[in-house]
There are 2 protein chains.
Amino acid sequence: MATEALATWTTNLTFTTLPPDVKTAAIRSFYNWAGCTVGGSAHPATSIARKALSRFSGPPTSRLLGSEGSVDVDAMHAALFNGIASHVHDYDDTHLDTIIHPTGPVASALLAVAESLERIVSGEEFITALVAGVEAECKVGLGVWPDHYDVGWHITSSTGSIGAAVAVSKLLSLSTTQTAHAIGLAATQVTGLREMFGSHTKSFHPGRAAQNGLLAAILASEDYTSSTIGLEAKRGWANVVSTSNQLDAQINSLAPNGRWEIAQNAFKPFPCGIVVHPIIDGCVLVHEELTRMGLSVDQIVEVQAEVHPLVLELTGKKTPKDGLEGKFSVYHGGAVGLLFGKATPAQYEDRIVTDPQVVDIRDRIQATIDEKLRADECHITVLFKKEDGEHVTIEKHVDHAVGSLERPMTDAQLVEKFVDQCIPVLGQERTEKASQWCWDLEKHQDVRQIKTVL
Amino acid sequence: MATEALATWTTNLTFTTLPPDVKTAAIRSFYNWAGCTVGGSAHPATSIARKALSRFSGPPTSRLLGSEGSVDVDAMHAALFNGIASHVHDYDDTHLDTIIHPTGPVASALLAVAESLERIVSGEEFITALVAGVEAECKVGLGVWPDHYDVGWHITSSTGSIGAAVAVSKLLSLSTTQTAHAIGLAATQVTGLREMFGSHTKSFHPGRAAQNGLLAAILASEDYTSSTIGLEAKRGWANVVSTSNQLDAQINSLAPNGRWEIAQNAFKPFPCGIVVHPIIDGCVLVHEELTRMGLSVDQIVEVQAEVHPLVLELTGKKTPKDGLEGKFSVYHGGAVGLLFGKATPAQYEDRIVTDPQVVDIRDRIQATIDEKLRADECHITVLFKKEDGEHVTIEKHVDHAVGSLERPMTDAQLVEKFVDQCIPVLGQERTEKASQWCWDLEKHQDVRQIKTVL
């Protein structure tokens with residue numbers, strides 16, 4: 001029985017049984033989450049939610065990462081606001097087999113509740129609970145993949161509630177039965193329709209998932225009852241949200257029986273859907289080459305990008321009207337790669353997406369589907385017309401985009417990404433301290449100390 | 001486009017355009033909701049939620065109906081707790097064509113927010129917003145019925161979030177675009193799996209739906225963006241949560257083009273699923289006859305109940321172990337009808353469900369399906385063995401159960417139900433005042449005055 005098996009696995013998990021690569025993956029996941037959360041803390045999707053909802057916060061216990069001064073709220077609202085911020089730039093992490101962005105819902109709930117407890121929570125405990133949550137959401141996600149995503153669920157949040165509930169149940173040392181009830185309570189709050197992509201509501205999803213899971217575990221901790229077969233029952237989660245169901249097999253493959261999913265977690269080098277990454281990667285390479293050759297992007301006649309079919313299905317927006325829509329435009333991604341040689345949140349600001357020079361380059365990009373390509377692969381051909389009328393072609397083939405499991409972000413690249421996001425918010429000195437604190441997560445005796453640096 | 005059409009209809013609705021029977025239906029719905037909410041206020045599903053979550057409440061503004069003294073919480077928590085209480089005895093109202101219990105999510109959100117505003121909300125305004133919310137949830141429910149329910153969604157909460165969002169949007173005078181965003185934000189929080197029936201989580205559903213919808217409208221009021229085609233888009237609500245979709249037709253039939261759904265709302269005479277009502281009704285008739293005849297229930301040899309197929313699908317539990325499970329047992333319903341001649345929340349207390357005399361009668365009841373029967377119809381045959389050994393048979397045919405649209409609860413019956421639930425909580429004097437106040441809803445200049453009586 002999947003729900004009880006997951007609950008039992010959760011209560012039995014200990015820090016000492018985590019392999020070194022799993023601990024490393026957890027720390028990298030947390031580090032990347034913290035940077036993204038600071039980076040998204042001032043985005044309208046976050047700040048409007050704070051403005052609208054802060055009056056409903058109970059006594060403050062928990063930190064909004066990156067906020068000025070000591071702007072604290074209760075754990076429920078910290079989970080929501082940090083969860084929104086962590087995802088709003090589409091810059092977070094990706095479990096590539098399910099395209100779940102796993103750390104947002106889990107870490108947002110976990111840090112919020114860890115700060116609210118009377119007892120001290122250590123880095124080791126935090127990492128153990130984080131791993132439990134990520135494994136849970138990725139395994140249940142694999143259990144309903146791909147039908148669940150295809151029909152229209154935003155799988156990050158629809159599984160994220162369950163991941164957050166498992167993580168918080170672990171941190172609160174709930175019994176196996178209470179954990180099963182928490183899973184049921186989380187499973188019954190299915191949040192996230194893909195139709196919301198391109199609006200503030202997309203990033204609301206992982207924030208609400210964090211809150212759903214936290215709420216579920218808090219209720220279960222007081223013996224609120226649910227179903228103990230909530231995931232696998234005839235009218236339980238998997239059968240209601242998916243037409244296929246390999247839930248039992250996936251729960252049976254929880255590590256160490258099967259693989260650790262968190263070790264499969266990848267980190268985004270560019271703040272947009274991962275299917276655009278090979279094109280940006282390739283266009284950055286073109287940018288570098290044309291700089292060497294002394295060519296200008298103005299001389300581009302046309303760009304032909306051969307891409308995986310999902311690229312056009314998910315990110316085929318020809319004329320994005322703002323930053324959020326720009327994330328769903330392979331054309332915008334290619335244009336900023338060609339023009340700026342990089343794609344950071346700055347290249348997804350509204351004013352850049354509508355900038356005439358960017359629009360001009362964007363409109364010269366053609367994307368065509370090549371069924372033979374992998375999702376992290378693409379082929380780019382750029383035709384230039386030099387001042388003397390001569391035509392020049394640059395071709396780039398990206399075998400595996402940067403950020404894929406084959407070409408993972410290095411620690412140094414993660415630091416660069418963290419620093420780039422944090423400096424505008426925290427300044428140089430605080431950013432350096434925060435970066436060190438997050439890398440040292442495992443060593444901390446008291447994770448509440450995060451409020452001294454972030 | 002369904003979402004925009006619903007939003008436009010909502011912003012255009014005025015109190016003066018409501019026909020008299022719609023106003024009456026709204027008042028009866030509110031009255032019944034208030035009584036049920038008081039009646040459920042001390043149930044563990046409500047009290048555990050309050051114990052677990054009250055520490056997350058912001059500054060108190062809103063009343064928990066039936067609580068002693070001035071136990072107020074913020075609007076978000078009042079919506080949740082009142083919503084749970086309103087449903088926990090399965091004694092609320094039913095829109096029979098969808099088996100949605102419509103008032104719980106809508107009124108719980110609406111009263112909570114009405115009390116939290118700086119301005120005064122009149123009874124007329126409240127009724128208008130209540131009608132808007134109930135029409136919205138019932139029309140979208142009809143748009144996905146029956147597939148949506150069949151696959152396993154608890155349709156009361158999965159549509160209730162949308163109803164609550166529409167009601168609160170109306171009360172807050174949101175623009176049509178903001179209302180559409182609120183609908184999208186509510187639609188993306190799909191709460192309620194039928195697997196949770198029989199546990200505390202079932203009544204959590206309408207409470208969370210109230211909160212989801214309230215949250216959605218509050219966010220939209222600050223221009224948080226969502227989709228403006230959230231209900232009807234390819235990967236929007238209807239297509240994700242149902243395999244069939246008559247959404248456009250249903251939204252086009254919003255009154256006055258089509259019928260007012262709130263006028264179809266029925267009220268439960270018995271605190272359990274409506275499919276059990278004909279059996280209880282018939283068994284109460286048997287109880288009355290055997291009393292006249294001087295027979296005792298101990299003399300029952302066997303009871304044959306011919307029922308609609310849904311009765312056994314939904315309420316076929318042979319050996320319920322507590323009050324919540326008793327609601328899903330046609331056998332328990334029949335037993336208390338025979339034994340006590342009534343079924344109120346008192347007959348669904350845990351100690352009654354496990355009482356040996358009740359269990360003894362329950363085990364003599366056989367239910368068989370008759371495909372020709374309507375859902376509100378049944379045929380009951382009771383065989384008695386008199387002291388002298390003679391066999392006597394009593395037969396009762398219930399054509400339409402009490403509480404159906406053909407035999408609606410009268411105002412006097414609604415008062416009896418209200419009083420029966422409120423007296424143990426409020427005492428005689430407060431109950432009478434509260435009853436009068438709720439009937440007079442339309443006349444009140446300031447609905448916040450409810451806290452002086454409930």
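The values are calculated or read from the model by the stated rules, or taken from the named source; none is laboratory data. The structure displayed is predicted, hence computed values, not measured ones. Positions of Cβ are generated from backbone atoms using ideal geometry, with glycine treated the same way; all protein chains shown enter the neighbour counts. The protein model used for the area step is the full one, side chains on, heavy atoms only, and it has no ligands, DNA or RNA in it. Shrake-Rupley method; radii C 1.70, N 1.55, O 1.52, S 1.80 Å.
Restricting attention to region A:83-97, the residues being open to solvent by 10 Å² or more (accessible area, probe 1.4 Å) and not in a loop (DSSP other than H, G, I, E, B) number 0. If you filter region A:129-164 down to residues that are in contact (Cβ under 8 Å) with a residue 24 or more places away in the chain and open to solvent by 10 Å² or more (accessible area, probe 1.4 Å), you find that the one that is nearest to A:K202 (Cα to Cα) is A:Y149.
For the criterion of being polar (S, T, N, Q), modelled with pLDDT of 95 or more, assigned by TED's automatic domain parsing to the domain that holds A:V73 and in contact with a Pro (Cβ under 8 Å, 6 or more places away or on another chain), A:T156 passes. Considering only residues in region B:381-418 that are of a type in the set (G, A, S) and in a loop (DSSP other than H, G, I, E, B), the one that is farthest from B:T291 (Cα to Cα) turns out to be B:S404. Among the listed residues B:D223, B:D248, which satisfies the condition of being among the charged types (D, E, K, R) and in contact (Cβ under 8 Å) with a residue 60 or more places away in the chain? Checking each option against the conditions leaves just B:D248. Against the test of being in contact with a Gly (Cβ under 7 Å, 6 or more places away or on another chain) and either farther than 25 Å from A:D446 by Cα or more than 9 Å from every other protein chain (Cβ to nearest Cβ) (or both), the options A:S157, A:S199 yield a single qualifying residue, A:S157. Would it be correct to say that B:V276 is part of a helix (DSSP H, G or I), crowded, with 20+ Cβ neighbours inside 10 Å, without any contact (Cβ under 8 Å) to a residue 60 or more places away in the chain and within 9 Å of chain A (Cβ to nearest Cβ)? No.
Pairing residues of region B:408-421 that are of a type in the set (F, W, Y) with residues that are surrounded by fewer than 16 Cβ atoms within 10 Å (Cβ to Cβ), at Cβ distances under 9 Å and at least 6 apart in sequence or on separate chains, gives no pairs at all.
Residues in region B:417-435 that are open to solvent by 10 Å² or more (accessible area, probe 1.4 Å) and more than 14 Å from B:W33 (Cα to Cα): B:I423, B:P424, B:V425, B:L426, B:G427, B:Q428, B:E429, B:R430, B:E432, B:K433. In region A:355-375, the condition of being within 20 Å of A:E288 (Cβ to Cβ), open to solvent by 80 Å² or more (accessible area, probe 1.4 Å) and of a type in the set (S, T, N, Q) is met by at least one residue. From the list B:D298, B:D281, the lone residue that is within 27 Å of B:W33 (Cβ to Cβ) and outside the structural domain of B:K417 (by TED's automatic domain parsing) is B:D281. Taking first residues from region A:230-245 that are more than 7 Å from chain B (Cβ to nearest Cβ) and partners that are part of a loop (DSSP other than H, G, I, E, B) and hydroxyl-bearing (S, T, Y), the Cβ contacts under 9 Å between residues at least 6 apart in sequence or on separate chains come to A:A238/A:S244.
Within region B:395-414, the set of residues being β-branched (V, I, T) and buried (at least 19 other Cβ atoms within 10 Å of the Cβ) comprises B:V398, B:V402.
Tell me, please, whether a residue that is open to solvent by 10 Å² or more (accessible area, probe 1.4 Å), more than 7 Å from chain B (Cβ to nearest Cβ), outside any loop (DSSP other than H, G, I, E, B) and within 22 Å of A:E261 (Cβ to Cβ) can be found in region A:172-180.
Yes - at least one qualifying residue is present in region A:172-180.
Taken as a whole, region B:30-50 holds at least one residue that is within 14 Å of chain A (Cβ to nearest Cβ), in a helix (DSSP H, G or I), surrounded by fewer than 24 Cβ atoms within 10 Å (Cβ to Cβ) and free of Cβ contacts under 8 Å to residues at least 40 places away in the same chain.
Scanning region A:294-309 for residues that are of a type in the set (A, V, I, L, M, F, W, C) and either open to solvent by less than 60 Å² (accessible area, probe 1.4 Å) or touching a Phe, Trp or Tyr at 6+ places or on another chain (Cβ under 6 Å) (or both) yields A:L295, A:V297, A:I300, A:V303, A:A305, A:V307. Checked against (1) open to solvent by 10 Å² or more (accessible area, probe 1.4 Å); (2) modelled with pLDDT of 95 or more, A:G184 passes all but condition (1). Has region A:362-371 got at least one residue that is within 18 Å of A:G333 (Cα to Cα) and in a loop (DSSP other than H, G, I, E, B)? Scanning region A:362-371, I find at least one residue that is within 18 Å of A:G333 (Cα to Cα) and in a loop (DSSP other than H, G, I, E, B), so the answer is yes.
Looking at region B:218-250 only, could you name the residues that are β-branched (V, I, T) and either assigned to a loop (DSSP other than H, G, I, E, B) or open to solvent by 10 Å² or more (accessible area, probe 1.4 Å) (or both)? Residues satisfying the conditions are B:T225, B:T228, B:I229, B:V240, B:T243. Candidates are the residues of region A:98-122 that are touching a helix residue (DSSP H, G or I) at 6+ places or on another chain (Cβ under 9 Å) and assigned to a loop (DSSP other than H, G, I, E, B); the one that is most open to solvent (accessible area, probe 1.4 Å) is A:I120. Would a scan of region A:286-293 turn up a residue that is assigned by TED's automatic domain parsing to the domain that holds A:D420, in contact (Cβ under 8 Å) with a residue 24 or more places away in the chain and surrounded by 24 or more Cβ atoms within 10 Å (Cβ to Cβ)? No, region A:286-293 contains no residue that is assigned by TED's automatic domain parsing to the domain that holds A:D420, in contact (Cβ under 8 Å) with a residue 24 or more places away in the chain and surrounded by 24 or more Cβ atoms within 10 Å (Cβ to Cβ). Every listed requirement among (1) part of a helix (DSSP H, G or I); (2) open to solvent by less than 10 Å² (accessible area, probe 1.4 Å); (3) more than 20 Å from A:M196 (Cα to Cα); (4) not hydroxyl-bearing (S, T, Y) is met by A:L65 save one, (1). Checked against (1) more than 22 Å from B:L295 (Cβ to Cβ); (2) among the β-branched types (V, I, T); (3) part of a helix (DSSP H, G or I), B:T319 meets all criteria but (3).
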